[in-house]
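Notes follow the structure.
Nothing in this text is a laboratory measurement; each read-out follows from the coordinates by a stated rule. Only a predicted model underlies this, so the values are computations on that prediction, with no experimental measurement involved. In this analysis, Cβ positions are derived from the backbone assuming ideal geometry, glycine residues included, and neighbour counts consider all displayed protein chains.
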């Protein structure tokens, strides 16, 4: 307190301190630099070379991923010979982008089911990780927006895409993901996730890379247009109202049967119990007329 | 119904004295509607009100049927199809309100005697039994069925002949099993064969394009069909028609996957059935014939969703779990001169579920 008071007193005596000019100059420089940085971020990022991005990605990788995937992303085996984390050589940037952006990676613990959760890395860090893993070996790159976006389609093109995508989806995807993309059960307690509300890019990347148990649908298997058609179909499912009434999760006979038994029969049993439990009797006696 | 005393209780059984005096039924208690004329009126109006509500719901059903759009231009309500919702709600209401009205009627207004019914033996009385037998005998005697064997036998004969039309019509349900499994009617007919044959291209289902091994990556799953399904003649007409298409499609469907060649355990004599780790198996489960493509690339297992039969595609589609008795038939693959994947031959065993005449070797 004493020090503060003294300095305040000193400032009031010398209206212009000996260092004031220097302070003003520094402030001016800071403001100029700050404004420049704020107004031209693109140029600033361009200055960050691919090598820098890869180096940054490697740093992040060593901290966050190497425990399971190995220090050189070569994969780690447990003592029993099980895979702790698979090798990431050749999985490509698309796999990293999908796994990290949907929060699947880093996993909470090793296991075969890997549910999505809030993402742990921001966009820049994800890009760095993707660049690092992509530098390890050739693999699918992050798709361009023109690959998966259905915004550019005219109404007619879109109708055709939905029709074709629906056929492809029903042939290739419904076995696991259900006819409405609501997800389904897999062997040994695993499950295929719901596709409702998944972004176009992530659907495309999942098709391209085949995360976890999912088979790959590479560009030689389903062409980029066919993948986009599948996306168009899934998005059309999300947009259309449920014409038949409540969908009950669109899980088919399981949830519908459960609703019929529990809600339908339960309501009727409830009615019966209520009718039997409520007497219509009174303690009054009949008065003879 | 037994007689009732003035307090609405039934008259107890009379006669012999019982060792413990019959305590009888507890005193009858009345309902408000029995003792209060106003309550009775009110209950009457209540019941009528529910019946009226039901009638209104029925009218609303008709209104909803004609006013709400379906088809190309659906009316929606809270993201649900308005028509279905309104039809279901109004029809449900119409039935429910009749039910509520009837129950209220029965509880509050209908006669409310307590009834005692004594137990009787299930056997009819001797007089009844004798009377019935006498009537039956008289009928038989009057019809003269025992005296006129010509009439009786010709009736029995005509009834027996009525079975013939039934048998002939039942034949339309389908060919006899013997005809099915060695039918020569068209290509790939019968239970033992499919349309696959040497050199037929394996093409993507729905899309119909042939596949080069270089297009397939490790972990890929492609649902495939025989190329003949998509082929056309000179005039652009499909080669297969009608029921032949359905039969060819249902028996010929295969799943094609690629895995690390080192992961594959080849079956005996099947060492050259894979192309660079690409293998193809029938998509039809050997249990009851469901189409299966629930493939896990991490384990190479394919699961049938109907009864959880699981097949290991890395090991000749051996059954690793579930009720299926046989492995999925494998389609031997090779590459034609243009570099596309083709079948070496038809499956070497019948696809799909077992049947009596199947040679299970």
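Here are some notes:
- Temperature 10 °C, viscosity 1.306 mPa s: under these conditions the Stokes-Einstein estimate for chain A, based on its Kirkwood radius over C-alpha pairs, is 64 µm² per second.
- Beta-bridge orientation, the protein assembly as shown: approximately 95 percent antiparallel, per DSSP, counting only bridges with both partners inside.
- When only Cα pairs below 8 angstrom with a gap of at least 6 residues are kept, chain A shows a relative contact order of 14 percent.
- For residue B:212 and residue A:258, the FRET efficiency from 1/(1 + (r/R0)^6), where r spans their Cβ atoms and R0 equals 45 Å, is about 0.45.
- Taken residue by residue and averaged, Cβ atoms of other chains lying within 10 Å of the Cβ of B:287-296 number 4.
- Summarised in one figure, the compactness ratio Rg/Rh of region B:1-117, Cα atoms and Kirkwood Rh, is 1.31.
- Once the Cα atoms are used to define both axes, helix A:2-13 deviates from the longest principal axis of chain A by about 60 degrees.
- Ellipsoid fit via the Cα gyration tensor, region B:202-343: semi-axes of 25, 19, 12 Å, each the root of five times an eigenvalue, largest first.
- Over region B:1-117, relative contact order from alpha-carbon pairs under 8 Å, at least 6 apart, %: 37
- Projecting label points 7 angstrom from Cα along Cα→Cβ for residue B:162 and residue B:73 puts them 5.6 nm apart.
- Highest average packing first - B:242-253, A:73-84, Cβ atoms within 10 Å: B:242-253, A:73-84
- The protein assembly as shown - Rg and Dmax from Cα coordinates, angstrom: 39.5, 148
- Cβ neighbours within 10 Å from other chains - mean over B:25-37: 3
- The angle between the Cα long axis of helix A:155-172 and the longest principal axis of the Cα atoms of chain A comes to about 70 degrees, rounded to the nearest 10.
- Relative contact order (%) - criterion: Cα under 8 Å, at least six apart; region: region A:145-239: 40
- Exposure proxy shown here: for B:290, A:176, the number of other Cβ atoms within 10 Å sets the order, fewest to most, as B:290, A:176.
- Averaged over residues, the count of other Cβ atoms within 10 Å places the peptides A:124-130, B:38-44, B:211-217 in the sequence A:124-130, B:211-217, B:38-44, highest first.
- Ordering B:186, A:233, A:204 from the fewest to the most neighbouring beta carbons within 10 Å gives B:186, A:233, A:204.
- Shape box of region B:294-361 [Cα atoms, principal axes, largest first, Å]: 41, 37, 18
- On Cα atoms only, tilt of B:82-108 relative to the major axis of chain B in degrees: 30
- From least to most packed, judged by other beta carbons within 10 angstrom and beginning with the fewest, B:170, B:294 follow the order B:170, B:294.
- Once the Cα gyration tensor of chain B is diagonalised, semi-axes √(5λ) in Å: 69, 38, 26
- Mean residue ellipticity at 222 nm, helices only, chain B: -10500 deg cm²/dmol; runs of at least 4 DSSP H residues each add -39,500 (n - 2.57), and the sum is divided by the number of residues.
- Peptide A:173-186 has a mean shielding of 3, counted as Cβ atoms of other protein chains within 10 Å of each residue's Cβ.
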